[in-house]
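The values are calculated or read from the model by the stated rules, or taken from the named source; none is laboratory data. The structure displayed is predicted, hence computed values, not measured ones. Backbone-built Cβ (ideal geometry, glycine too); neighbour counts: all protein chains shown. Please note that ligands, DNA and RNA were not included when accessible areas were found on the heavy atoms of the full protein model with its side chains. Shrake-Rupley method; radii C 1.70, N 1.55, O 1.52, S 1.80 Å.
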Amino acid sequence: MDWEPGAAGLAFGMLIAVVTAPVGVSGAVFLLPVQLSVFAVPNPSVTPTNLLYNVVAGPGALLRYRRDGALGGPLVRRLVLGTLPGVVLGAIIRVFVLPGPNVFRLLVAALMLPLGVWLIVRTLRTESSKSRRPELSPRSVTGLALAVGIVGGIYGIGGGSILGPVLVGRGLPVSQVAPAALASTFVTSLLGASTYALLSMGHGGSIAPDWFLGLACGLGGLIGGYLGARLQPRMPETFLRLRLGALATALGGLYAINALR
């Protein structure tokens, strides 16, 4: 077995998770272009490989957040219950409706680019005016989680990278959103990866995950996620919000460039 891709995947997974875990993003969204460009993982296998990464990497940050007492509360339950049914539907849509890589990249760009810019502008305006927008109602949070679960099942990103910017932009603190978003990402990724594994049994093409690469990247994410979650309490709220917005904007721009090429 060639261990060079495994070592590279471990390094990529750890680096990405250290940066993204403090704001509630698993990092799978940034692993997608690495899979496509560096490791040449075929479509739609990149999606279940990303979900496998989330399953392996997730417990690192969650363990740290649990030790800090930040993993309880109703927000976790609402996000999990909303995203679970959505991720199954998203996986089915990804396999049978959206197999092409260019459409896939354009959809990511169209979603994440405006979302990131909106969060940055929203954060800067809040700092200047010191006003906060009313938080979403519990029913709205569950409905949003359902929609994000579908998107997450299509993209293989678990949904936290979308839920995080939306909830933070609507007034929730990053310290509350990050653990809940990562918990939702972990649970839905576990179900989504299982759904893809079942679909691969009765459908031709590259649907099953790249097990070796997914496990290697996930192990790196496990380590990096723990470190990132440990660093989060030392970071100012405004910095975390801007960081989350910058990550979403950078991701949308990266996918837009790749798709237009």
Can you name the residue in region 104-123 that is under 17 Å from Phe30 (Cβ atoms) and surrounded by fewer than 21 Cβ atoms within 10 Å (Cβ to Cβ) and is also modelled with the lowest pLDDT among such residues? Leu107
Select from region 1-40 the residues that are closer than 21 Å to Val87 by Cα and not in a helix (DSSP H, G or I) and list them in ascending order. Gly24, Val25, Ser26, Gly27
Test result for Pro48, under 24 Å from Leu222 (Cβ atoms) and open to solvent by 10 Å² or more (accessible area, probe 1.4 Å): no
Give the number of residues within region 42-70 that are more than 18 Å from Phe30 (Cβ to Cβ), among the hydrophobic types (A, V, I, L, M, F, W, C) and modelled with pLDDT of 80 or more. 2
